[in-house]
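Here's the structure, in structure tokens; my notes come after.
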Amino acid sequence: MQVIASIFDMQSTAENLRSKDRLIGLVPTMGALHEGHLSLIRLAKERADTVIVSVFVNPTQFGPSEDYTNYPRDLGRDLDLCEKAGADLVFTPAVEEMYPKGFSTYVSEELISKPLCGISRPAHFRGVTTVVAKLFNIVRPDLAVFGQKDAQQIAVIKKMVNDLHFCVDIVTAPTVREPDGLAMSSRNRYLTATQRGEALVISQALHKAKEMVESGVHNTDRLIAEATHLMGNRRRVRVIYASIVDRCTMEAVREVLPGKAMMAIAAWVDEVRLIDNILL
Ligand code: PAF
């Protein structure tokens, strides 16, 4: 497995792969890899000839009071995991090269990025679309794989790809969960055992909503009220939002229509911010 840090080297290596007609799959990550990321790499491996994983903690998607500085970083471990999962190349650009002094051009999706996480993290998706656009321009992958856990991120990226005519297929991989239902996340490592126990209520609330839909409840006010009530029983959990939205536009819906809606939850478990969602 090759490791490349320079943007120029990454561009020329990708160009060389393209000249040999290799189908390139990109898995963008911020490192701190877990089984969820590894499932993205494996899926990319099924669909592409060469799998490139980027490991870059992107400063522009963190708000001023967020955990950019303390975000877990362990490149040695990440490289090991990438190799075991079948990655061919890992791209690890330096922040100074990605955002040199004087950097002033951003990519901003203005609609889908506004609700849900966009309310409490107003600059987050602009940072995501900017760095993903840069990665797409550097690597020029044929496909890129993202996890369903970040459903709003995927919807925003798909819109950017469509609006700006990027030639890349966006592939969505299912959320990977711990055996007890907790969605895998790099931020789970911040949780103490007690907090982790309370965090489980998020996936429980989502599964309860799905069960209710399956038993015929389609009114979103009732579904949200039940989920909020369940989470309200946990002392350490503070709900940021619990919404039922259209899967593509992220706009709130009043009725669950089969195959179209998704429940999304963001919550603080003490000082750890977690998100999760379920297709209804
Ligand atoms: O999902 C993530 O880890 C990040 O938002 C991404 C897509 C790698 C961009 O920094």
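The values are calculated or read from the model by the stated rules, or taken from the named source; none is laboratory data. Quantities reported herein were computed from a predicted structural model and do not represent experimental measurements. When we count neighbours, we look across all protein chains shown, and the Cβ atoms used for this are built from the backbone with ideal geometry, even at glycine. Keep in mind that these areas ignore ligands, DNA and RNA; they rest on the heavy atoms of the full protein, side chains included. Shrake-Rupley method; radii C 1.70, N 1.55, O 1.52, S 1.80 Å.
Summary of computed values
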| item | result |
| --- | --- |
| Residues that are in contact with a strand residue (DSSP E or B) (Cβ under 7 Å, 6 or more places away or on another chain), open to solvent by 40 Å² or more (accessible area, probe 1.4 Å) and among the small types (Gly, Ala, Ser), drawn from the range 238-280 | 252 |
| Count of residues meeting criterion [closer than 18 Å to residue 279 by Cα and either assigned to a loop (DSSP other than H, G, I, E, B) or at pLDDT below 95 (or both)] in the range 160-177 | 3 |
| Among the candidates 194, 175, 220, 228, residue that is within 16 Å of the ligand (Cβ to nearest atom) and either over 20 Å from the mean Cα position of the chain (by Cα) or within 21 Å of residue 36 (Cα to Cα) (or both) | 175 |
| Residue in the range 88-99 that is of a type in the set (Asp, Glu) and either within 14 Å of the ligand (Cβ to nearest atom) or loosely packed, with under 14 Cβ neighbours inside 10 Å (or both) present | yes |
| Residue, surrounded by the fewest Cβ atoms within 10 Å (Cβ to Cβ), within the range 160-202, restricted to residues that are in contact with a Leu (Cβ under 7 Å, 6 or more places away or on another chain) and within 20 Å of residue 127 (Cβ to Cβ) | 187 |
| Cβ pairs under 8 Å, 6+ apart, first in the range 201-217 and assigned to a helix (DSSP H, G or I), second among the basic types (Lys, Arg) | 201/234; 203/177; 212/222 |
| Residue match in the range 113-126 (condition: in contact with a Cys (Cβ under 8 Å, 6 or more places away or on another chain) and within 13 Å of the ligand (Cβ to nearest atom)) | yes |
| Subset of the range 142-159 that is away from the ligand (no atom under 13 Å from the Cβ) and closer than 21 Å to residue 93 by Cβ - its residue that is most open to solvent (accessible area, probe 1.4 Å) | 142 |
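Residue by residue, here is whether (1) more than 14 Å from the ligand (Cβ to nearest atom); (2) modelled with pLDDT under 95; (3) surrounded by 23 or more Cβ atoms within 10 Å (Cβ to Cβ) holds:
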| site | (1), (2), (3) |
| --- | --- |
| 22 | yes, no, no |
| 39 | no, no, no |
| 44 | no, no, yes |
| 47 | yes, no, no |
| 53 | no, no, yes |
